[in-house]
Amino acid sequence: MSAKAAIIDDNGLLAFEILPYTGYPQEAAAEVTKNALARAGVIRSGISRFLSTGFGGKAVPHSDGVVPDTVCLQRAVKKLNPHVKTVVNVGGHSFTVFHIEDTGGLGESAITDMCTAGMGMFLEVISAALEVPLGDIAGEASSSGKTPFIDNQCPVFAESEAISLINEGYDKRDVFAGVTSAVANKIAGLVRRLGVIEEVAMVGGVAKNRPVVAILEKNLGLRFADLGGVDPQVVAAYGAALLAREGCSLDSQRLSDSTADRFRRKGTL
Amino acid sequence: MLTAGCDIGALTTKAAVIRDDVLLGCEVVPSRAKAVQSAADVMDRLLARMGLSYGQLDHCISTGYGRNLVTFANSNMSEISCHARGAHWLIPSVRTVIDGGGQDCKAIRVSEQGRLVDFRMNTKCAAGTGKALELMARSLGVDVSELGPLSLRSKDPVIMNKPCCILMQIEVKRLVFEGKDRADIAAGANDMVAREIMHLVRDVGQENDIAVTGGVANNAGLVRCLEGYLGVASVRFDVDPQLMGAIGAAVLAAERCRGAVADRSGNSVMQ
């Protein structure tokens with residue numbers, strides 16, 4: 001749902017940009033790259049290596065290679081906080097949890113890619129149905145008094161349920177608080193299934209939704225690890241930049257294949 | 001004997017009136033926020049069109065969402081029994097009914113006598129429902145009624161692999177931006193929905209003949225996909241397949257009346 005770009009040099013993060021989009025990923029990628037270059041004050045030819053990742057990674061026209069997002073996240077999180085052993089990645093339509101082994105390698109992972117339950121998209125759908133922008137309502141959800149329990153995990157059914165609750169006289173914010181809990185508890189479920197090994201870091205767009213994070217931390221009984229103040233939404237892009245710096249583009253295809261195999265073998269849900 | 005059935009769906013509300021085993025008339029209206037209002041709407045309209053009044057109805061059965069709230073109904077029954085009864089009443093060779101509604105989908109097995117044997121229903125996920133088709137149509141910029149005819153023009157259907165209708169919608173948008181043929185995308189969407197429905201059919205067990213009912217039955221492309229997976233053509237109704245629940249409710253109402261009459265004369269006919 002948004003394109004992210006990060007530019008690093010030998011010393012660290014130079015600039016990053018986030019661009020929400022509804023159109024074609026190619027255009028969003030070009031635009032967000034242009035913005036990040038402008039912010040960093042460099043030109044495209046000044047970038048030695050450029051890697052892309054994520055849902056539209058293959059659509060990035062000017063990339064030197066495509067790397068899987070889990071590899072990018074693992075690389076970035078390891079760099080930002082070496083104590084992290086469990087990474088929870090929840091974006092608009094991505095939802096993965098994976099372990100980082102003591103050796104720093106990628107451990108067990110679980111991915112949901114057939115269902116929107118627990119994803120940012122779920123919150124988007126309900127906030128659209130309740131006709132309140134996500135930004136406004138997400139902040140208010142935590143202050144709500146009586147929160148209804150939302151049974152449904154499917155956004156289509158949850159939307160009907162939310163509308164019924166409002167017809168029953170519930171306040172919009174209370175209903176949304178219920179939806180927020182449903183999302184957070186769904187995420188917690190997958191994290192528990194894979195196993196909570198502290199420290200735990202949360203990345204992706206949903207990591208910026210304070211009510212979701214608060215409920216999730218309470219549910220799991222922990223505080224998410226600090227990632228050095230880097231925007232949780234750009235961690236994957238930052239990881240891709242780190243991999244580019246390491247010269248990983250040469251065998252990115254091999255890397256991509258082996259990770260895909262790993263997903264197939266392990267926790268595909 | 002004059003009986004009526006009223007089926008309140010998530011998206012449309014339907015009514016049917018039968019007299020002595022003959023279908024007199026039916027009506028479909030879009031559902032409103034309150035189930036009771038939708039039911040009154042459709043029944044008022046149908047009775048007015050036929051020149052009938054509520055007082056003339058011997059029995060009326062309501063079914064669907066909020067069926068227990070319909071004040072003019074004498075009793076209510078589950079929409080599963082109603083769909084099964086309606087399809088079997090019109091075509092007695094029917095043994096499996098695939099009922100695709102706005103937000104639910106069911107595969108129903110029917111006995112030779114038209115009684116419910118077993119069923120499977122989606123409970124957690126909207127994949128395989130009319131809602132999924134609506135979202136796909138919206139992403140394609142067409143009305144949901146155009147999805148079927150459009151998909152039949154496809155020469156090379158796209159292959160989709162995400163059952164979730166929200167994720168499918170994103171996929172459809174991406175394909176549109178990539179410039180893929182709309183007919184091919186529509187055919188791919190129909191195929192994905194059909195595959196979801198087939199999970200339920202396989203689980204309950206397929207027995208021929210097969211009837212496809214509910215709003216999704218009006219999507220000819222989807223029905224063709226289903227028939228491909230079923231390996232057999234589905235039966236064709238002379239009436240709108242959306243009406244099957246309402247018709248079944250009216251048939252069951254008639255049976256209930258006969259049962260009551262028989263009971264009074266000392267025979268137990270109630271099946």
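The values are calculated or read from the model by the stated rules, or taken from the named source; none is laboratory data. For clarity, every value in this text was computed on a predicted model and none was experimentally measured. FYI the Cβ positions are ideal-geometry reconstructions off the backbone, even for glycines, and counts take in every protein chain you see.
Residues in region A:204-219 include none that are surrounded by fewer than 16 Cβ atoms within 10 Å (Cβ to Cβ), free of Cβ contacts under 8 Å to residues at least 24 places away in the same chain and within 14 Å of another protein chain (Cβ to nearest Cβ).
Whenever a residue of region B:183-203 is farther than 18 Å from B:Thr96 by Cα, its partners that are among the hydroxyl-bearing types (Ser, Thr, Tyr) and surrounded by fewer than 22 Cβ atoms within 10 Å (Cβ to Cβ), lying with C-beta atoms within less than 6 angstrom and at least six residues away or across chains, give the pairs B:Ala183/B:Ser154; B:Asp184/B:Ser154; B:Ala187/B:Ser154. Based on this model, can you work out whether A:Ile150 counts as buried (at least 21 other Cβ atoms within 10 Å of the Cβ) and in a helix (DSSP H, G or I)? No.
Quick check on B:Ile197: is it closer than 22 Å to A:Glu27 by Cβ and crowded, with 20+ Cβ neighbours inside 10 Å? Judged against the criteria, B:Ile197 is not a match. Looking at region A:148-198, which of its residues are basic (Lys, Arg), more than 13 Å from chain B (Cβ to nearest Cβ) and under 24 Å from A:Glu217 (Cβ atoms)? Correct list: A:Arg173, A:Arg192, A:Arg193. Would a scan of region B:137-150 turn up a residue that is within 14 Å of chain A (Cβ to nearest Cβ) and more than 30 Å from A:Gly23 (Cα to Cα)? The answer is no, given that none of the residues of region B:137-150 is within 14 Å of chain A (Cβ to nearest Cβ) and more than 30 Å from A:Gly23 (Cα to Cα).
Could you grab me the full set of residues in region A:231-243 that are under 13 Å from A:Ala5 (Cα atoms) and of a type in the set (A, V, I, L, M, F, W, C)? Selection gives A:Val234, A:Val235, A:Ala236, A:Ala237, A:Ala240, A:Ala241, A:Leu242. For region B:42-64, the candidate set comprises residues that are buried (at least 20 other Cβ atoms within 10 Å of the Cβ) and not in a strand (DSSP E or B); within that set, the residue that is farthest from the chain's Cα centre (by Cα) is B:Leu57. When restricted to residues that are buried (at least 18 other Cβ atoms within 10 Å of the Cβ), of a type in the set (Ser, Thr, Tyr) and assigned to a loop (DSSP other than H, G, I, E, B), region B:121-174 contains 2.
Of all residues in region B:212-240, those that are within 24 Å of B:Ala10 (Cα to Cα) have Cβ atoms under 9 Å from Cβ atoms of residues that are in a strand (DSSP E or B) and basic (Lys, Arg), 6 or more apart or on another chain, in B:Gly214/B:Lys106; B:Asp240/B:Lys14. For region A:18-29, the tally of residues that are outside any loop (DSSP other than H, G, I, E, B) and either touching a residue at least 60 places away in the same chain (Cβ under 8 Å) or loosely packed, with under 14 Cβ neighbours inside 10 Å (or both) stands at 2. A search for C-beta distances below 7 Å between a residue of region B:67-93 that is closer than 21 Å to B:Met121 by Cβ and any residue that is among the aliphatic types (A, V, I, L, M) and surrounded by fewer than 21 Cβ atoms within 10 Å (Cβ to Cβ), counting only pairs 6+ apart in sequence or on different chains, returns B:Ile80/B:Leu116; B:Ser81/B:Leu116; B:Ala84/B:Leu116. Of everything in region A:163-197 that is part of a loop (DSSP other than H, G, I, E, B) and modelled with pLDDT of 90 or more, the residue that is surrounded by the fewest Cβ atoms within 10 Å (Cβ to Cβ) is A:Gly195.
A count restricted to region B:166-217 and to residues that are within 14 Å of chain A (Cβ to nearest Cβ) and more than 21 Å from B:Gly101 (Cβ to Cβ) stands at 12. Given the criterion touching an Asp or Glu at 6+ places or on another chain (Cβ under 9 Å) and away from every other protein chain (no Cβ under 14 Å), identify the matching residue among B:Asp104, B:Asp156, B:Asp118. Of the residues listed, the single one that is touching an Asp or Glu at 6+ places or on another chain (Cβ under 9 Å) and away from every other protein chain (no Cβ under 14 Å) is B:Asp156.
Scanning region B:2-21 for residues that are at pLDDT 90 or above and of a type in the set (A, V, I, L, M) turns up B:Leu2, B:Ala4, B:Ile8, B:Ala15, B:Ala16, B:Val17, B:Ile18. Does B:Val94 qualify as being assigned to a loop (DSSP other than H, G, I, E, B), on the phi < 0 side of the Ramachandran plot and surrounded by 21 or more Cβ atoms within 10 Å (Cβ to Cβ)? Judged against the criteria, B:Val94 is a match. Taking region B:75-85 as the range and being buried (at least 17 other Cβ atoms within 10 Å of the Cβ) and under 18 Å from B:Ala254 (Cβ atoms) as the test, the residues that pass are B:Asn76, B:Met77, B:Glu79, B:Ser81, B:Cys82, B:His83, B:Ala84, B:Arg85.
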